[in-house]
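Colleague: Here you go, one structure.
The values are calculated or read from the model by the stated rules, or taken from the named source; none is laboratory data. What you are looking at is a predicted structure, and each value in this text was computed from that prediction instead of being measured. Backbone-built Cβ (ideal geometry, glycine too); neighbour counts: all protein chains shown.
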Amino acid sequence: MTDTALHSSTDQILTELHEWLTDQWDPELTVGEWWERLGLAGWSFPILPPNAYGRGLNRNDGVRVAQAITAFGALGAPAGLGLMLAAPTIATHGTQEQIDRYVRAIVTGQQSWCQLFSEPSAGSDLAGLQTRAVRDGDEWIINGQKVWTSNGQKADMGMLLARTDPELPKHQGITYFAFAMVQPGVDIRPLREMTGRALFNEVFMTDARVSDDAMIGGLNQGWAVANTTLANERAGLGSGGGNSAGGVAVPGTVGGDLERRAGDFVLPRPGASTNGNGAKKGKTRSSTTLQAMQSDPRLLRELAQRNGAVADPGIRQGLAELYTWSELGRMNGLRMKAAREAGRDIPGMPNISKLSMSHIMRLSRDLGLRIAGASGMLHAYEPDGREVIVESTGEPTLPIVTEMALMAQAPSIYGGTDQIQRNIIGERVLGLPKEPNRDRTTPFSELPKNV
Ligand SMILES: Cc1cc2nc3c(=O)[nH]c(=O)nc-3n(C[C@H](O)[C@H](O)[C@H](O)COP(=O)(O)OP(=O)(O)OC[C@H]3O[C@@H](n4cnc5c(N)ncnc54)[C@H](O)[C@@H]3O)c2cc1C
């Protein structure tokens with residue numbers, strides 16, 4: 001397709017979306033009603049294929065649609081791991097019946113999802129997972145423990161990886177289930193982080209149950225299915241955290257937002273009145289928005305200009321370094337986009353983007369705290385406390401700087417650690433030899449385990 005043809009098809013999509021929003025957006029709808037309209041019209045996650053409540057758009061156009069919904073002043077799609085990971089995975093490996101059961105509930109925000117992959121002894125070595133699924137008639141009995149389960153406390157469903165056959169080599173005896181989180185035998189315990197939030201949880205499953213027809217992709221085929229989820233995770237992180245249109249409303253029945261007024265969740269746009277009266281006081285920005293603000297070098301430059309730290313040549317050098325890394329990230333993003341539009345790929349680029357994003361977050365942490373000086377030691381866990389800090393220091397961005405400093409460790413771990421990204425680049429892009437092991441031929445039951 002030529003550049004002109006590409007642009008005109010994007011323009012057509014955005015024109016159609018604008019007409020649809022003009023006709024359909026109503027801030028007086030409940031969140032649940034609005035997401036039902038958005039999802040069934042194929043606008044929640046339009047990169048999904050048409051048989052899975054999408055429009056088959058490419059990822060770039062999907063991002064443009066999400067931005068256009070926000071720019072219009074309507075509530076964005078039901079963001080979260082359901083949309084970013086579960087929906088594309090089920091659209092790829094599920095039956096049409098499963099797509100209609102699960103993906104429909106995701107794009108309309110009726111159900112939220114979490115990712116039940118990592119275990120205490122299976123993170124980087126995910127295929128070493130030990131949660132067991134044992135068949136009982138047309139159901140499976142689940143026993144095991146997961147950890148680092150982001151938003152598990154608000155999830156209706158989980159993408160569960162469990163071992164269904166320990167006598168097969170470790171990558172072969174795993175099955176992927178759509179698992180109901182709200183049931184007897186599921187104990188979800190939030191883990192409080194040093195930011196003061198409890199983003200993730202431990203999840204204990206004791207004789208919990210999942211039915212045979214919730215198996216995605218077939219018995220013992222879970223590794224291939226999980227790789228689709230992980231590929232979507234990397235692509236989502238590379239494009240800035242998935243669906244940036246997501247407002248602050250929480251999808252699913254556990255979060256409690258579905259019955260609330262949609263217009264109350266629309267974030268005010270700088271210098272514009274919203275089409276929905278704006279988000280109510282007390283609601284914080286989505287983590288995606290926060291991350292975008294944190295990695296924007298202007299935030300720290302403006303802080304340094306306001307408090308005089310910019311007079312320090314070391315700070316100016318740090319700002320220049322951060323700007324350079326951000327520009328490299330932006331240009332690599334443009335290279336990837338151009339390659340994709342030309343039907344090509346740049347091997348290793350998603351891994352490099354992830355490494356660069358973790359590096360920028362660490363640079364921002366160190367530089368931000370140097371600029372903030374002693375006031376960088378003040379951090380509040382609750383919105384009220386943050387307001388007190390802003391009032392007493394007169395510095396509106398201080399809570400963002402301290403939050404960024406405390407959260408900067410996370411990107412180098414989630415979605416595959418920095419070391420694992422480097423291993424992938426070494427083995428799959430540079431062709432270096434893998435570490436020798438017998439994992440792919442030895443039955444899982446005979447492999448050494450940590451516990
Ligand atoms: C904010 C956040 C959110 C998360 N959300 C989720 C979630 O929702 N669902 C979920 O399932 N998981 C989630 N995780 C877990 C995440 O996927 C794991 O933490 C990650 O895969 C690393 O696993 P681990 O913590 O067990 O560390 P380990 O795998 O034990 O690694 C420990 C250290 O050893 C290094 N290492 C390990 N193996 C190698 C190797 N082969 N070569 C070189 N170095 C190696 C690692 O790089 C690391 O530095 C989340 C993590 C974070 C930080």
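Colleague: Out of (1) surrounded by 22 or more Cβ atoms within 10 Å (Cβ to Cβ); (2) modelled with pLDDT of 90 or more, the odd one out for His171 is which?
Modeller: If we test His171 against (1) surrounded by 22 or more Cβ atoms within 10 Å (Cβ to Cβ); (2) modelled with pLDDT of 90 or more, just (1) comes out false.
Colleague: Continuing with the same structure: Anything in the range 397-422 that is closer than 28 Å to Glu167 by Cα and without any contact (Cβ under 8 Å) to a residue 60 or more places away in the chain? List them, or say none. Steps first, please.
Modeller: Filtering the range 397-422 down to residues closer than 28 Å to Glu167 by Cα leaves 416, 420.
Those that are closer than 28 Å to Glu167 by Cα and without any contact (Cβ under 8 Å) to a residue 60 or more places away in the chain: none in the range 397-422.
Colleague: Now a separate question. Hey, can you tell me all the residues within the range 391-425 that are of a type outside the set (S, T, N, Q), more than 23 Å from Val147 (Cα to Cα) and within 13 Å of the ligand (Cβ to nearest atom)?
Modeller: Arg422, Ile424, Ile425, listed by residue number.
Colleague: Which condition breaks for Ser364 when tested against (1) in contact (Cβ under 8 Å) with a residue 24 or more places away in the chain; (2) assigned to a helix (DSSP H, G or I); (3) over 28 Å from the mean Cα position of the chain (by Cα)?
Modeller: (3)
Colleague: Looking only at the range 100-114, how many residues end up being in contact with a Phe, Trp or Tyr (Cβ under 8 Å, 6 or more places away or on another chain) and farther than 15 Å from Lys154 by Cα? If you could, list the steps in order and put the result at the bottom.
Modeller: Let us first name the residues in the range 100-114 that are in contact with a Phe, Trp or Tyr (Cβ under 8 Å, 6 or more places away or on another chain), namely 103-104, 106-111.
Next, from what is left, pick out any that are farther than 15 Å from Lys154 by Cα: 103-104, 107-108.
Final tally of qualifying residues: 4.
Colleague: Moving to a separate point now. For the range 131-168, enumerate the residues that are among the hydrophobic types (A, V, I, L, M, F, W, C), closer than 14 Å to Gly222 by Cβ and surrounded by fewer than 17 Cβ atoms within 10 Å (Cβ to Cβ). Break it down into steps so the answer makes sense when it comes.
Modeller: Going residue by residue through the range 131-168, those that are among the hydrophobic types (A, V, I, L, M, F, W, C) are 133-134, 140-142, 147-148, 155, 157, 159-162, 168.
With the extra rule that they be closer than 14 Å to Gly222 by Cβ, the set shrinks to 133, 140, 142, 159-162, 168.
Within the range 131-168, Leu168 is the sole residue that qualifies.
Colleague: Need at least 3 residues that are in contact with a Leu (Cβ under 8 Å, 6 or more places away or on another chain) and away from the ligand (no atom under 12 Å from the Cβ) per element, so show me which strands (runs of 3 or more DSSP E) inside the range 142-227 make the cut, counting only ones lying wholly within it.
Modeller: 174-180
Colleague: Which residue pairs have Cβ atoms closer than 9 Å, lie 6 or more positions apart in sequence or on different chains, and pair a first residue in the range 296-320 that is surrounded by fewer than 19 Cβ atoms within 10 Å (Cβ to Cβ) with a second residue that is of a type in the set (Asp, Glu)?
Modeller: Arg306/Glu395; Asn307/Glu395
Colleague: Any residue at all in the range 393-400 that is outside any helix (DSSP H, G or I) and hydrophobic (A, V, I, L, M, F, W, C)?
Modeller: no
Colleague: Now for a separate question. Test each condition in (1) more than 30 Å from His171 (Cα to Cα); (2) β-branched (Val, Ile, Thr); (3) not in a helix (DSSP H, G or I) for Val388 and report the one that comes out false.
Modeller: Going through (1) more than 30 Å from His171 (Cα to Cα); (2) β-branched (Val, Ile, Thr); (3) not in a helix (DSSP H, G or I) one by one, Val388 breaks only (3).
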